1. Please work out the Kirkwood hydrodynamic radius for the chain, using every pair of different C-alpha atoms, and report it in angstroms with one decimal place.
2. Which of the helices in the chain meet the span-like rule: DSSP H, Cα axial reach of 27 Å or more, Kyte-Doolittle mean at least -0.5?
3. In whole Å, how far is the Cα centre of the range 541-558 from that of the range 570-597?
4. State the cysteines of the chain left without a partner when partners are defined as other cysteines whose beta carbon lies under 4.7 Å away.
5. Roughly how far apart, in whole Å, are the Cα centres of the range 65-118 and the range 479-531?
6. What do you reckon, how do Ser27, Ser344 stack up by accessible area (1.4 Å probe), largest on top?
7. Cα to Cα, under 13 Å, and not fewer than 8 places away if on the same chain: which aspartates and glutamates meet these conditions relative to Lys473?
8. Give me the distance between the Cα centres of the range 430-474 and the range 342-407, rounded to whole Å.
Amino acid sequence: MWLDRLTGKPLRDLPEKVEPGRYWAGSTGLTLNGHTPNFSGILVEDEGQRCQLNDQVRSFVLPSQIDVASTELLFKAISTLDAYHQQADALISPLMPAAIVDDQGHLQPFEEQLLEVVSKGHLHRISQHPRLDMHYEDEVTDIARARKLSKGALVHLASHSECWQRQTLSGVIPRKVMARFSQDDFGIYENRVYARLLDKIDRYLRVRLSTLSSLHATLEQAMEFYKSADINHRLAHAVCDLWGMTFGDQIKTSNASNLLNKSLEELQKLHKTIRQLQQSGLYTLVDRNARVESALHRTNILSHDPDYRHVATLWDLLGRTQGSVVVTAEERFRKNQQLAQAYSSYTGLVIRRALQPYLGGNKQGIWGGRTLQLRQSGLEWELLSTGAGSSEDEVLLTVVPWLTTGTPSEQAMPANRFIAWPAIGQDLPEDAFSGQWVPLSPSDMYCEERFGLLIDRTLQRLLLENYGQPLEKVPTAVLSLAEALPAIRVDLKAKTLQLKEMLAGEPLNELQAALKSANALRLGTDLLRCNEDIIALQICPVCRNKVRLVFQDPSGFKANCDECGTERYLRGQKGQREYEQKVAGKRDFRTLGRRGWAMLIETPKLVD
């Protein structure tokens, strides 16, 4: 049995087209592509489209275009963060590790060697004055074209009278002769190595420039964030704290950005030079289809020529830089499974950080009279709630980490199921997330804010759906006692009471005792729950200070925080309520992050 991780539904059979990372299975007894017996876990690709489980043949759906540099950078970042997270006691920053920026920002040994070789003109001299071989060919041609006779020209002329112009007493005047023609041969082994080296350098620099550009964009985003005047100071403080855990202060960020800029400029100049060499001189004279084995044959020219010997040096150094280890299909499959696990661990790190206002960095705690717990199930993360006196867990939120290079698609999913995906090479949405797809990448400075908003919406909805919900079938004695309390609205005819404000101390104890005496234990539990909800709603979600909740008919409220200026409103009729949270009159995600938002609230369900 398979699990469709996107929808959360079980499947008996896989579809014909399989999206890598979407399906999960326990022990299957099946062999994947002939290399992994008794397959289990997440189904990812190994080295191609083939997806064969025993005799069942399907195919993986792979994207037509992949940003290789961005993909490799993401894989390296989440693997590094996963290793850091396993070693650290505290919650680490989920942003791009400084070690990766530092490592990638400096020129590699190959690049420094290439800069030196280019600056001294070795490659240019080979391009303009290459070594070559002479290719000789004998051909019967008109006497006017002949410059040099072949060795057998006279014998050939004597035996081929059709090549004679005329015959005289002194001999034969030829019309055609067998001549020897010479042609420059630029396709010698050393020149083929030179041409293929330029190709390899071109590909290497394309990927390298793309990687540096991605890192530079991340640093530029941080620098712009530091300079933004319209960013809320609490958002700026939260993001800069994350950034500071990785890079330090603004000066260190600026230094890292300058280093990247310098490396980027030098590599761009190098790439321009290589492209020019590919468009002129020797490169255009060598067959494009001529291939060279990775292990060079050290000829005398490659060993001793003052220019060509640098070609051999660069060839070997580039090979060591790129690595030439052959990876089997099974090894690639295991690596992809490990990357999926690392991305799941990274997702859990971000969610735990987003839950800090509620759980203080732990995976379990008490909030709003409930026990909240963050639990990993397979690769998914679930936020559970257990009410007071209840032994059943309610799944409030499920986050599915999906390490994919694809794009979001229309899927029918439960309302509390969200997909975390890296959004490689895509423009991030202006809002925190798009539908039920939440971008998650170490390159995104808002990654914790996005999940913070998702957590806030989930937990606040739990409180808001219950707010103003009347308790029914309340005993008459309890209603008479409640009539004297300004925090409660009583309807004697309908035998309901509605909690408007927090109850504390003796009034709450008296109501609890009255409900217990009337054997209305369920109503007592519900009253406590409603009271705990109001206590939680009185805490400002932005600055955590206590504010006054002002009830507004028929089942709404307003709560304005004097400390941070946050305004919260629950307004509308039953079935049409809307919650809005604003700071300084705004609720823009870019400038406020998780601090400003709005959502519709469903009709409260009456308590039996």
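The values are calculated or read from the model by the stated rules, or taken from the named source; none is laboratory data. As the structure is a prediction and not an experimental result, all values here were calculated from the model. Because the Cβ atoms are built from the backbone with ideal geometry, glycine has one as well, and the counts that use them run over all protein chains shown. Side chains are part of the model used for accessible areas, which takes the heavy atoms of the whole protein and leaves out ligands, DNA and RNA. Shrake-Rupley method; radii C 1.70, N 1.55, O 1.52, S 1.80 Å.
1. 30.3 Å
2. 68-87, 189-227, 447-466
3. Using only Cα atoms, the two centres lie 13 Å from each other.
4. Isolated Cys, the chain: Cys51, Cys163, Cys240, Cys447, Cys530.
5. Their Cα centres are 59 Å away from one another.
6. Solvent-accessible surface, decreasing: Ser27, Ser344.
7. In chain and number order, the partners are Asp491, Asp526, Asp608.
8. Using only Cα atoms, the two centres lie 12 Å from each other.
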